[in-house]
Amino acid sequence: MGASGIKPLGRERFWVAVLLAPTLFGLVFGALGSVLATVILSLTHWDLLTPPTWAGLANYGKLFTDDKFVTALTNTVKFSAMYVPGVVAASLVVAILMNRKIRGVSVFRTFYFLPVVTSAVAAALVWQMIYGKETGLLNFILEKLGLAPVCWFCAKNALYSVVIVNIWGAVGEGMIIFLAGLQCIPREYYEAATVDGAGDWQRFWRITMPLITPSIFFQTLISTINAFQAYDYIYMLTRRGQGDSSVPVVVFSIYRNAFNFHRMGEASAQAIELAAIVVALMAFYFWLERRYVVYE
Amino acid sequence: MKKHLVILVVFALALAACGAQPTQAPGASTSPLPSTTQAAAGEPVELTFMAWGAPEELDVWQQIADGFHAINPNTTVKMDVSDWDSYWTKLDTLYAGGTPPDVFAMDAPMYLDWQSRGVLLNLQPYIDATPGFLDGFYPEPLKGYKLADGYYGLPRDFQTIVMFYNKDMLDAAGVAYPQQGWTWDDLRAMAKTLALDTNGDGKTEQWGFSCDLWDMELCWSEAIWSYGGDVISADYTKTLIGEPMARQAWQMFWDMIFTDKSMPDTIVASEFGGDLFQPGAVALYPMGHWAIPGYAGSGFNWDVAPMPSGPGGQVTSVNSAGFVVAQASKHPEAAWEFVKYALSADGQTRLTELGLAIPVLRSVAESTFLEQQVGGRSINQRVFLDAVAYAHLKPIFKGYTLWADAVGNGIAPIWSGEAELGPTLDLVVVDADKVLAEEN
């Protein structure tokens, strides 16, 4: 697939510039401007209330010594390590199931997509009821099965409980990506393989998997970005007194430092580190893409 | 590549220019003396006022703004009410942008975190120009705002913590209502009787006692004080929640949760969405007056009693919300006039209608507040007022937010049943003291 398209000529160039200007303006001053502002702020001590003072790299030094931030970063990394493969695998499985000719497939697809369009706050409240230690649905089922109830939000389990909810919330979107990928695979390949005597498994591993690698690549990329930015479900499910959370993640730490603790400089340094990690991962993914992703 | 650098530099300059907006340097300006030039000039003034609260509270604030406007036709007050979390974010952002509201609400424990940054106006010159202005105030909430060089804020209303009890549950168990003079031991015994497994599934459906164990205000500061201990040293350099007397208070909560099982651990308590009293899940529940409008519509009978006594006497907690004026306000005189009005008998009476707190003016508290019947219920309002006599001020010090986070976060694993009491307290004290050392 070439990305070149048709090149504008003569007066067209002028109109291209005019029509792109509003978007570019927003991008440059909004996105780029705030990135730059964050970089500058990360080099200052700023409480939001009084003018910032120069801090040099002090805020970056604190990234390594601040126990709270180290905990948050550890949580984010652990979360991502479970969430990304979880989302990719679960949405691929769902997409394959939903890619068959079954009765009412659109109804099922809608069901899987519902979490994506549901308010995270409302969904988190429902999950709270499911996970409840004494009154929760999950423990009720476990007890009926003769198993010991689990404390889903105790320190040792909370992260896993939260990962499950986040995967549940993201499967719908991944399913759409994979469905699109699956439906792009030409039928003839399967027909030819069948004629050659390939079974279901062989067709899946030899045709579907290689040809769906672009979707897997894309979904992994998006899920990684989402994992590092995850916040809403986690906060809703693990919050406790006065804005605190029992599973603090990096985004939570950024928010709390900036707006609860009046430490905008430190919050900015944390944001930069988060962005740097994501950028590094993206670079790694693109390196992998060149080696393993199959484009037709 | 060079071109990119140029663009970057241009941006840096543009941003630097944005950042250099006129947030007044702390202490740079001398306290302005009250003058009436502004009012005399007759130019229309628009003030902005911000407070946290539920959407329906905006009506009451608007009435206060209208009442003020009737007396000061030149001044219009723009009211802005948002929920607690959004309020602080919004306020921070407005300050960062150099356009803070003229007058805004302050939670007393956070007062010094703000005042110490030099962003609040010293109200002392204005108070001096209004002789006798503070005479009618309750002295306890007022104390929290007084600094060496005067008041940088004034309380508007306050909360004393009292014991709410579910009458129906006590009646059903044949337990006498708590009376003045009861003790924490009495409470523990009562809670044990009142905790019930009503459907015989081996789990407690009705809890005897419950309270917020993250923040100190609702029960743990009261317990520590009445066991003869303290929360923090008088000079705010040492955390005292690990001292022997305080440990007795912690031990009591520990025993109620894990030995008596009359009090839910925090994981179970959170399943009720933060409040166990309103859904009728707990018999004894310490709370402030702000909960009353919510409780008024509940389907059971309830009342309030004084807090229990301990070996160190009877102690409860008092905390206030107040008004502060931004140092950068362009209309400090008008802002003061508004604060003055909101703290007058007229303004205080209207504020009392919210039913959320005790007015800071004694005359209004002794009349409008005492006679108040929120949601048609006759509540023993006197208990809230009497509590002032034995209340300790919720500590107000610089670094409060970070300290409270270190403590609340540190003790949390104890109450979810995941950490031992003694060793955890040792660690929390070290962490909390580190915060105090950094802030001083």
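Of the residues making up the stretch B:191-228, those that are in contact with a Gly (Cβ under 6 Å, 6 or more places away or on another chain) and of a type in the set (A, V, I, L, M) number 3. Of the residues making up the stretch A:44-74, those that are buried (at least 19 other Cβ atoms within 10 Å of the Cβ) and either away from chain B (no Cβ under 14 Å) or among the small types (Gly, Ala, Ser) (or both) are A:Ala55, A:Asn59, A:Ala72, A:Leu73. Regarding B:Phe68, is this residue away from chain A (no Cβ under 14 Å), crowded, with 18+ Cβ neighbours inside 10 Å and in contact with a helix residue (DSSP H, G or I) (Cβ under 7 Å, 6 or more places away or on another chain)? Against the criterion (away from chain A (no Cβ under 14 Å), crowded, with 18+ Cβ neighbours inside 10 Å and in contact with a helix residue (DSSP H, G or I) (Cβ under 7 Å, 6 or more places away or on another chain)), B:Phe68 qualifies. Counted as qualifying within the stretch A:125-204 are the helices (runs of 4 or more DSSP H) with 2 or more residues that are buried (at least 16 other Cβ atoms within 10 Å of the Cβ) and within 22 Å of the chain's Cα centre (by Cα), namely A:155-184.
B:Ala283 meets the conditions (1) assigned to a helix (DSSP H, G or I); (2) buried (at least 20 other Cβ atoms within 10 Å of the Cβ) in every case but one. The failed one is (1). With respect to the conditions (1) of a type in the set (Lys, Arg); (2) touching a residue at least 40 places away in the same chain (Cβ under 8 Å); (3) surrounded by fewer than 17 Cβ atoms within 10 Å (Cβ to Cβ); (4) more than 23 Å from B:Ala391 (Cβ to Cβ), B:Lys78 lacks only one, and its number is (2).
When you look at A:Ile234, is it farther than 30 Å from B:Pro109 by Cα, assigned to a helix (DSSP H, G or I) and away from every other protein chain (no Cβ under 14 Å), yes or no? Write out each step before concluding.
On the way: farther than 30 Å from B:Pro109 by Cα: no; assigned to a helix (DSSP H, G or I): yes; away from every other protein chain (no Cβ under 14 Å): yes.
Here the answer is no, as A:Ile234 does not meet what is asked.
Restricting attention to the stretch A:231-272, which residues are within 17 Å of the chain's Cα centre (by Cα) and not aliphatic (A, V, I, L, M)? The answer is A:Tyr231, A:Asp232, A:Tyr233, A:Tyr235, A:Pro248, A:Phe252.
Restricted to the stretch B:90-119, and to residues there that are among the polar types (S, T, N, Q) and part of a helix (DSSP H, G or I), the residue that is nearest to the other protein chains (Cβ to nearest Cβ) is B:Thr93. For the stretch A:16-41, the set of residues classified as closer than 20 Å to A:Gly265 by Cβ and β-branched (Val, Ile, Thr) consists of A:Val35, A:Thr38, A:Val39, A:Ile40, listed by residue number. Only helices (runs of 4 or more DSSP H) whose full extent lies in the stretch B:351-440 are considered here, and the ones with at least 2 residues that are in contact with a helix residue (DSSP H, G or I) (Cβ under 7 Å, 6 or more places away or on another chain), within 14 Å of chain A (Cβ to nearest Cβ) and closer than 27 Å to A:Asn260 by Cα are B:400-415, B:421-439. Scoring B:Val339 on the criteria (1) surrounded by fewer than 22 Cβ atoms within 10 Å (Cβ to Cβ); (2) in contact (Cβ under 8 Å) with a residue 24 or more places away in the chain leaves a single failure, condition (1). A:Tyr255 meets each of the listed conditions (1) within 14 Å of another protein chain (Cβ to nearest Cβ); (2) touching a residue at least 24 places away in the same chain (Cβ under 8 Å); (3) touching a helix residue (DSSP H, G or I) at 6+ places or on another chain (Cβ under 6 Å) apart from (3). Across the stretch A:145-156, the number of residues qualifying as within 12 Å of chain B (Cβ to nearest Cβ) and farther than 23 Å from A:Leu125 by Cβ comes to 1. When the residues of the stretch B:203-235 are filtered to those that are assigned to a loop (DSSP other than H, G, I, E, B) and either touching a Ser or Thr at 6+ places or on another chain (Cβ under 7 Å) or aromatic (Phe, Trp, Tyr) (or both), which remaining residue is farthest from the other protein chains (Cβ to nearest Cβ)? Checking each candidate, the answer is B:Tyr227. Yes or no: B:Arg188 in contact with a Gly (Cβ under 6 Å, 6 or more places away or on another chain) and either farther than 24 Å from B:Phe338 by Cβ or buried (at least 20 other Cβ atoms within 10 Å of the Cβ) (or both)? Against the criterion (in contact with a Gly (Cβ under 6 Å, 6 or more places away or on another chain) and either farther than 24 Å from B:Phe338 by Cβ or buried (at least 20 other Cβ atoms within 10 Å of the Cβ) (or both)), B:Arg188 does not qualify. Anything in the stretch B:236-274 that is outside any helix (DSSP H, G or I) and more than 13 Å from every other protein chain (Cβ to nearest Cβ)? List them, or say none. Result: B:Tyr236, B:Thr237, B:Lys238, B:Thr239, B:Leu240, B:Ile241, B:Gly242, B:Glu243, B:Asp260, B:Ser262, B:Met263.
Across the stretch A:88-109, the number of residues qualifying as farther than 14 Å from A:Leu182 by Cβ and out of contact with any Gly (no Cβ under 9 Å at 6 or more places or on another chain) comes to 7.
Take B:Gln115 and tell me if it is over 28 Å from B:Trp403 (Cα atoms), among the polar types (S, T, N, Q) and either modelled with pLDDT of 95 or more or surrounded by 15 or more Cβ atoms within 10 Å (Cβ to Cβ) (or both). The answer is no for B:Gln115.
Could you tell me whether the stretch B:331-347 includes any residue that is within 14 Å of another protein chain (Cβ to nearest Cβ) and over 22 Å from B:Lys146 (Cβ atoms)? Don't jump to the end; show me each part of the working.
Restricting attention to the stretch B:331-347, the residues satisfying the condition of being within 14 Å of another protein chain (Cβ to nearest Cβ) are none.
Checked against the condition, which is being within 14 Å of another protein chain (Cβ to nearest Cβ) and over 22 Å from B:Lys146 (Cβ atoms), the stretch B:331-347 yields no hits at all.
Consider the stretch A:275-284. How many of its residues are surrounded by 11 or more Cβ atoms within 10 Å (Cβ to Cβ) and either under 12 Å from A:Val35 (Cβ atoms) or not hydrophobic (A, V, I, L, M, F, W, C) (or both)? Write out each step before concluding.
Taking the stretch A:275-284 and keeping what is surrounded by 11 or more Cβ atoms within 10 Å (Cβ to Cβ), we get A:275, A:277-278, A:281-282, A:284.
Imposing the further condition that a residue be either under 12 Å from A:Val35 (Cβ atoms) or not hydrophobic (A, V, I, L, M, F, W, C) (or both) reduces the set to A:275.
Total meeting the criteria: 1.
When you look at B:Thr266, is it at pLDDT below 95 and more than 21 Å from the chain's Cα centre (by Cα), yes or no? Spelling it out, B:Thr266 is indeed at pLDDT below 95 and more than 21 Å from the chain's Cα centre (by Cα). Of all residue pairs spaced 6 or more apart or on separate chains, those with beta-carbon atoms under 7 Å, a first member in the stretch B:186-215 that is farther than 19 Å from B:Thr266 by Cβ and a second member that is charged (D, E, K, R) and in a loop (DSSP other than H, G, I, E, B) are B:Lys192/B:Asp260; B:Leu196/B:Glu205; B:Asp197/B:Lys203; B:Asp197/B:Glu205; B:Thr198/B:Glu205; B:Asn199/B:Glu205. Note on the stretch A:221-231: among residues that are part of a helix (DSSP H, G or I) and surrounded by 21 or more Cβ atoms within 10 Å (Cβ to Cβ), the one that is nearest to the other protein chains (Cβ to nearest Cβ) is A:Phe228.
The values are calculated or read from the model by the stated rules, or taken from the named source; none is laboratory data. This is a predicted model, so every value here is computed, not measured. With ideal geometry, Cβ positions are generated from the backbone for all residues, glycine too; neighbour counts draw on all protein chains shown.
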